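In what follows, a structure is listed as structure tokens, so that the remarks can point back to it.
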Amino acid sequence: MDINVEVDQYAVVGNPIHHSKSPKIHGEFAVLTDEKLEYTAIQAPIDNFSGAVHSFFDQGGKGLNITVPFKEQAWSLSSQLSDRARLAGAVNTLYQNKKGEICGENTDGVGLVRDLTVNHKISLVGKRILVLGAGGAVRGVLLPILEQNPASITIANRTVAKAEQLVELFADRGELIACGFADLNGPFDVIINGTSASLQGDLPPLPDSIVSDTTVTYDMMYAPDKTVFNRWAESLHAVQTFDGLGMLVEQAAESFYIWRKVRVDTQPVLAMLRAFD
Ligand code: ATR
């Protein structure tokens, strides 16, 4: 694909990509900050992600967001990784340094933490946190959550061995516990759903005792209607339930900052996306 080099070029790469909200979000960021840039969507061939990335940068492209299913491949092709991205095992933001090397960053965890702590004013300091799931999405957000100094993070997963692997990987960064859903002993202050069960409208088999009337829940996925997980939490009187739209906008804002060194006010963009859903 040929790109226009008159204006700084950015894009999101995935497969499929037509559903991505990133071009709209970054387009709004550019307007709000008066930054001159174009942000498009690129569908890379499943078997040639690397070719698509190199072609984009070879033609003068400035930065890429990476989405499903390429975040792990983006991690592998990065010449430089931040500490956060290295531990996440996945990269959602690429740029080139002055030497022309491709650098990888992961802004998903920062996006989640900023949405919870800044947008929703939920402090994670000293909290008992439960994270559901132990796949790539969860691994990608653990370090920024741990950096908030919670009392503990329990990782519960259908396949307990995967939760145990994550606990081992992050063991020196805080208090972590791995278990299966049936072993959960609640209630928890904050429950973050990072399973892909949500995408199919499924609910993992969770004991009701993990939710009390002071529990806050966060579903990392978003949908126009309340997710099954958040509806279940509400039925158990969770005090607040949030979806992942704010995380999507905040991870984008962090990528925008990495590329442009400009902080954007995310509130108007969040309001716009909510209004259109
Ligand atoms: P992602 O990149 O979205 O994290 P992934 O790496 O395939 O995708 O991980 C999916 C996560 O959702 C896993 O924790 C998976 O549990 P397993 O490790 O046991 O497979 C979890 N998951 C998917 N469908 C689920 C379901 N129906 N019930 C419970 N957990 C589910």
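The values are calculated or read from the model by the stated rules, or taken from the named source; none is laboratory data. These numbers come from a predicted model, not from an experiment. Backbone-built Cβ (ideal geometry, glycine too); neighbour counts: all protein chains shown.
For the stretch 177-188, the set of residues classified as surrounded by fewer than 21 Cβ atoms within 10 Å (Cβ to Cβ) and either among the acidic types (D, E) or touching a residue at least 60 places away in the same chain (Cβ under 8 Å) (or both) consists of D183 only. Taking the criterion of being near the ligand (Cβ under 9 Å from one of its atoms) and of a type in the set (A, V, I, L, M, F, W, C), the residues of the stretch 157-175 that qualify are V160, A161, A163. Among the numbered conditions (1) over 23 Å from S209 (Cβ atoms); (2) surrounded by fewer than 18 Cβ atoms within 10 Å (Cβ to Cβ); (3) free of Cβ contacts under 8 Å to residues at least 40 places away in the same chain; (4) charged (D, E, K, R), tell me where K226 comes up short. Against the list (1) over 23 Å from S209 (Cβ atoms); (2) surrounded by fewer than 18 Cβ atoms within 10 Å (Cβ to Cβ); (3) free of Cβ contacts under 8 Å to residues at least 40 places away in the same chain; (4) charged (D, E, K, R), K226 comes up short only on (1).
Could you please find all residues in the stretch 176-193 being more than 15 Å from the ligand (Cβ to nearest atom), aliphatic (A, V, I, L, M) and farther than 17 Å from A88 by Cβ? Within the stretch 176-193, I177, V190 meet the criteria. Tallying residues that are buried (at least 24 other Cβ atoms within 10 Å of the Cβ) and not hydroxyl-bearing (S, T, Y) within the stretch 86-104 yields 5. Sub-7 Å Cβ pairs linking a first residue in the stretch 254-277 that is in contact (Cβ under 8 Å) with a residue 24 or more places away in the chain and surrounded by 13 or more Cβ atoms within 10 Å (Cβ to Cβ) to a second residue that is of a type in the set (S, T, Y) and part of a loop (DSSP other than H, G, I, E, B), at least 6 apart or interchain, are E254/T107; S255/T107, ordered by first then second residue. Within the stretch 129-156, the set of residues being more than 10 Å from the ligand (Cβ to nearest atom), closer than 17 Å to G180 by Cα and either free of Cβ contacts under 8 Å to residues at least 12 places away in the same chain or out of contact with any helix residue (DSSP H, G or I) (no Cβ under 7 Å at 6 or more places or on another chain) (or both) comprises S152, T154.
Can you find a residue in the stretch 194-206 that is away from the ligand (no atom under 16 Å from the Cβ) and not polar (S, T, N, Q)? No, the stretch 194-206 contains no residue that is away from the ligand (no atom under 16 Å from the Cβ) and not polar (S, T, N, Q).
One residue stands out in the stretch 141-175 among those that are farther than 21 Å from P205 by Cα and of a type in the set (D, E): the one that is surrounded by the fewest Cβ atoms within 10 Å (Cβ to Cβ), namely D172.
Table: residues versus (1) of a type in the set (A, V, I, L, M); (2) assigned by TED's automatic domain parsing to the domain that holds S22; (3) under 30 Å from E105 (Cβ atoms).
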{"site": "A151", "(1), (2), (3)": "yes, no, yes"}
{"site": "D172", "(1), (2), (3)": "no, no, yes"}
{"site": "G180", "(1), (2), (3)": "no, no, no"}
{"site": "G186", "(1), (2), (3)": "no, no, no"}
{"site": "V239", "(1), (2), (3)": "yes, no, no"}
